[in-house]
């Protein structure tokens, strides 16, 4: 419910937001994203696009759009020779983030360049954040095209999705930004909840967007992407039983069964090798406690329980 008691006498806050888009070799998809952002009913005040060493037509396309739209700024980055998921994406994000005036924009969004957004996407999300001061990060829902139809990627309501993650700046600063590792886009939401914020996404017609590259895929293969996801869950500290349930859930979507098996290989392979984990024992324990409650009562009720319990930890913006 909106925190009307806290917002009724509060002066209207600026709706200015900045987009930061790390990209590499996105020529096949990026025009859809560029045009859908230009068509937004509430356009960004600034869009910083970090060209992370592209070797295709990406730089030419970006130069054309930046010439025609003065609120689009391109930050070139030296080619590392390959696409680097996880740490590389966050490194590129910060190459853009470090160029912006931090206090100007009350909202910021990490946005991928392989999306097709509905026209009221950012207007609606910011309206939701204005109505509820505890929403620290939010998004719509990703859909992929299969056999000519858009099919949900089935992302939970308790997370903002990694490909379009809108943040209240105060929340982003409160959690210390993004962790440069696989699963950064789940760790941030758990950290936000630990600090008393809400992380949420909505599946509504005006907030559904097309994801032109399926989530969990890889430039090598979708199985590599799923194994990487399993490693990321281990790194984050996910409870083994909860992760097994997650892998079974994902086994019912392409690639059937084998995708879930690849996730388990990534998780338990990292466990057997004794790989390092997130250097935040309290957050790892917080995540596991939530996951165990979710196994018993469902994610929605477990999240509601946490949000009620963590109110004393929330101070920013009140």
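State whether one or more residues within the range 50-70 are assigned to a strand (DSSP E or B) and touching a residue at least 40 places away in the same chain (Cβ under 8 Å). Lay out the reasoning, then the answer.
Let us first name the residues in the range 50-70 that are assigned to a strand (DSSP E or B), namely 50-52.
Subset that is touching a residue at least 40 places away in the same chain (Cβ under 8 Å): 50, 52.
Yes: the range 50-70 contains one or more residues that are assigned to a strand (DSSP E or B) and touching a residue at least 40 places away in the same chain (Cβ under 8 Å).
Counting only residues that are without any contact (Cβ under 8 Å) to a residue 12 or more places away in the chain and assigned to a helix (DSSP H, G or I), how many does the range 286-316 have?
In the first step, residues of the range 286-316 are kept if they are without any contact (Cβ under 8 Å) to a residue 12 or more places away in the chain; the result is 289, 296-298, 301, 304, 308-309.
Among the residues that remain, those that are also assigned to a helix (DSSP H, G or I) are: 289, 296-297, 301, 304, 308-309.
Counting residues in the range 286-316 that are without any contact (Cβ under 8 Å) to a residue 12 or more places away in the chain and assigned to a helix (DSSP H, G or I) gives 7.
In the range 246-256, how many are surrounded by 14 or more Cβ atoms within 10 Å (Cβ to Cβ) and either without any contact (Cβ under 8 Å) to a residue 24 or more places away in the chain or in a helix (DSSP H, G or I) (or both)? Break it down stepwise before answering.
So the first thing to find is which residues in the range 246-256 are surrounded by 14 or more Cβ atoms within 10 Å (Cβ to Cβ), and the list is 246-247, 250-251, 253, 255.
Pick out the ones that are also either without any contact (Cβ under 8 Å) to a residue 24 or more places away in the chain or in a helix (DSSP H, G or I) (or both) and you get 246-247, 250-251.
The total comes to 4.
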- Message: Considering only the range 267-276, I want to know if a residue exists there that is closer than 16 Å to residue 194 by Cβ and either out of contact with any helix residue (DSSP H, G or I) (no Cβ under 9 Å at 6 or more places or on another chain) or modelled with pLDDT of 95 or more (or both).
- Response: no
- Note on the structure: Of (1) over 19 Å from residue 165 (Cα atoms); (2) modelled with pLDDT of 95 or more, residue 45 satisfies every one except (1)
- Return only the number of the condition from (1) closer than 26 Å to residue 137 by Cβ; (2) in contact (Cβ under 8 Å) with a residue 12 or more places away in the chain that residue 270 does not satisfy. (1)
- Message: Looking at (1) in a helix (DSSP H, G or I); (2) surrounded by fewer than 13 Cβ atoms within 10 Å (Cβ to Cβ); (3) in contact (Cβ under 8 Å) with a residue 40 or more places away in the chain, which one does residue 276 not meet, given that it meets all the others?
- Response: (1)
- Cβ-Cβ under 7 Å pairs, at least 6 apart or on other chains, the range 126-149 side free of Cβ contacts under 8 Å to residues at least 60 places away in the same chain, far side crowded, with 20+ Cβ neighbours inside 10 Å and outside any helix (DSSP H, G or I): 129/135; 129/138; 129/168
- Among the residues of the range 26-49, write down those that are in contact with a helix residue (DSSP H, G or I) (Cβ under 7 Å, 6 or more places away or on another chain), in a helix (DSSP H, G or I) and without any contact (Cβ under 8 Å) to a residue 40 or more places away in the chain. 31
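The values are calculated or read from the model by the stated rules, or taken from the named source; none is laboratory data. Small disclaimer: the values here were computed from a predicted structure and weren't measured. Ideal geometry is used to build each Cβ from the backbone, glycine not excepted, and the neighbour counts take in all protein chains shown.
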